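J.: Structure provided below as structure tokens; questions to follow.
The values are calculated or read from the model by the stated rules, or taken from the named source; none is laboratory data. Values in this document were obtained by computation on a predicted structure and should not be read as measured data. Cβ placement follows ideal geometry from the backbone for every residue including glycine, while neighbour counts extend to all protein chains displayed.
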Amino acid sequence: MSQYFSALQSWCEEVFTVYQESIPLFREKVEEHALQEWEANITQLQEELSDQTFLQEWEAYQRANELYLQLNDYLAALHQGEDQRMTNQLEVVPIGGHTLPPLPYRYNALEPYIDQETMRLHHDKHHRSYVEGLNKAEKEMQKARATNNFELIKHWEREAAFNGAGHYLHTIFWNIMSPQGGGQPSGDLLREINQSFGSFAQFKKHFSEAANAVEGGGWAILVWSPRARRLEILQAEKHQNLSQWDVVPLLVLDVWEHAYYLRYKNERKKYIDNWWNIVNWPEVEKRFNAAKHLRWPPY
Ligand code: MN
């Protein structure tokens, strides 16, 4: 049996365990016949995998992916109204299985700094298209591996980089903002900012200037380098250019026109100045504290 099929088999077992653990909870929220059908489908898939019925990895993958997305919907139903992050009990996003994370607040929550209409377009249209583009690229690259046809690989790699960077940056962006935001960070992050940039005021000035000077669409990004063990401020052009790939983004500011044009027109600087009022520093501190646990040899 190919490595891929045996990996898929253990993946099925893992998913089935999650399913079984959740059954008592599902009873109230998910229709009985839907559960029976899901169970029948995964059992069928497991049988076909062990009988080696599948000729194409691609086919088997699609079946597994359907099951995964279906189960994710059931899990989400259990936790309606709770923090969406709690529902992600399955730790691996399957190939082509990225989903649009919900906004952690209402569309109008960041008013007057970011208007409702911008948030709606930005999250529902722009971010969704990055998720869809990333899924498409991942599936096409998987198809290329399965069929050994790499003619379009350059195109799909570009799509994966552009849309993947777009998806991950926006996912950070929604969470590092909050209607209760603004002010300054505290604790370790503040100490590190003072050490890396001189003071919070100097950091803020540097970050704002970098954001304002991004050429075209892009980002200002505060990153932690586990190798240098220092903070740095970087720009990204589009989503993926100008990256230092060895670092962990902590604070990200979207300066594509779609992020501010409705309210600020071409006044990017005003948008940046106002944006500091909604920065969710506790989330940035959380990211920083997690990132600091990475210990890589210094070079
Ligand atoms: Mn954006």
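J.: Within the stretch 1-43, restricting attention to residues that are part of a helix (DSSP H, G or I) and small (Gly, Ala, Ser), which residue is nearest to Asn72 (Cα to Cα)?
T.: Out of the qualifying residues, it is Ser22.
J.: Which members of the stretch 136-152 meet the condition of being part of a helix (DSSP H, G or I) and either of a type in the set (Ser, Thr, Tyr) or on the phi > 0 side of the Ramachandran plot (or both)?
T.: Thr147, the sole residue that qualifies.
J.: Here's a check for you: in the stretch 138-175, which residue that is basic (Lys, Arg) and surrounded by 16 or more Cβ atoms within 10 Å (Cβ to Cβ) is nearest to the ligand (Cβ to nearest atom)?
T.: Lys139
J.: Going residue by residue through the stretch 108-120, is there one that turns out to be within 13 Å of the ligand (Cβ to nearest atom), out of contact with any Pro (no Cβ under 9 Å at 6 or more places or on another chain), within 20 Å of Tyr168 (Cβ to Cβ) and part of a helix (DSSP H, G or I)?
T.: Looking through the stretch 108-120, at least one residue is within 13 Å of the ligand (Cβ to nearest atom), out of contact with any Pro (no Cβ under 9 Å at 6 or more places or on another chain), within 20 Å of Tyr168 (Cβ to Cβ) and part of a helix (DSSP H, G or I).
J.: Moving to a separate point now. All but one of (1) part of a helix (DSSP H, G or I); (2) surrounded by 14 or more Cβ atoms within 10 Å (Cβ to Cβ); (3) at pLDDT below 95 hold for Arg85, so report the exception by its number.
T.: Result: Arg85 passes all but (2).
J.: What residue, of Ala7, Ala60, is of a type in the set (A, V, I, L, M) and modelled with pLDDT of 80 or more? Show your work before the answer.
T.: Details: Ala7 fails: modelled with pLDDT of 80 or more.
Exactly one of Ala7, Ala60 is of a type in the set (A, V, I, L, M) and modelled with pLDDT of 80 or more, namely Ala60.
J.: Can you pull out every residue in the stretch 21-66 that is among the charged types (D, E, K, R) and touching a residue at least 40 places away in the same chain (Cβ under 8 Å)?
T.: Restricting attention to the stretch 21-66, the residues satisfying the condition of being among the charged types (D, E, K, R) are 21, 27-29, 31-32, 37, 39, 47-48, 51, 57, 59, 63, 66.
Across the stretch 21-66, the qualifying residues are Lys29, Glu57.
J.: Can you report the number of residues in the stretch 225-240 which are out of contact with any Asp or Glu (no Cβ under 9 Å at 6 or more places or on another chain) and within 15 Å of the ligand (Cβ to nearest atom)?
T.: 4
J.: Please state which one of Trp245, Trp275, Trp281 is away from the ligand (no atom under 14 Å from the Cβ), at negative phi and either buried (at least 20 other Cβ atoms within 10 Å of the Cβ) or touching a residue at least 60 places away in the same chain (Cβ under 8 Å) (or both). Let's see the steps before the verdict.
T.: Values: Trp245 fails: either buried (at least 20 other Cβ atoms within 10 Å of the Cβ) or touching a residue at least 60 places away in the same chain (Cβ under 8 Å) (or both); Trp275 fails: away from the ligand (no atom under 14 Å from the Cβ).
Only one candidate qualifies: Trp281.
Rundown of residues vs (1) β-branched (Val, Ile, Thr); (2) more than 16 Å from the ligand (Cβ to nearest atom), yes/no style:
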position	(1), (2)
Ser178	no, yes
Gln184	no, yes
Phe197	no, yes
Ser208	no, yes
Trp219	no, no
Val223	yes, yes
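J.: Right, next: Can you say whether Pro298 is away from the ligand (no atom under 13 Å from the Cβ), modelled with pLDDT under 95, out of contact with any His (no Cβ under 8 Å at 6 or more places or on another chain) and over 25 Å from Leu103 (Cα atoms), as far as the supplied structure shows?
T.: yes
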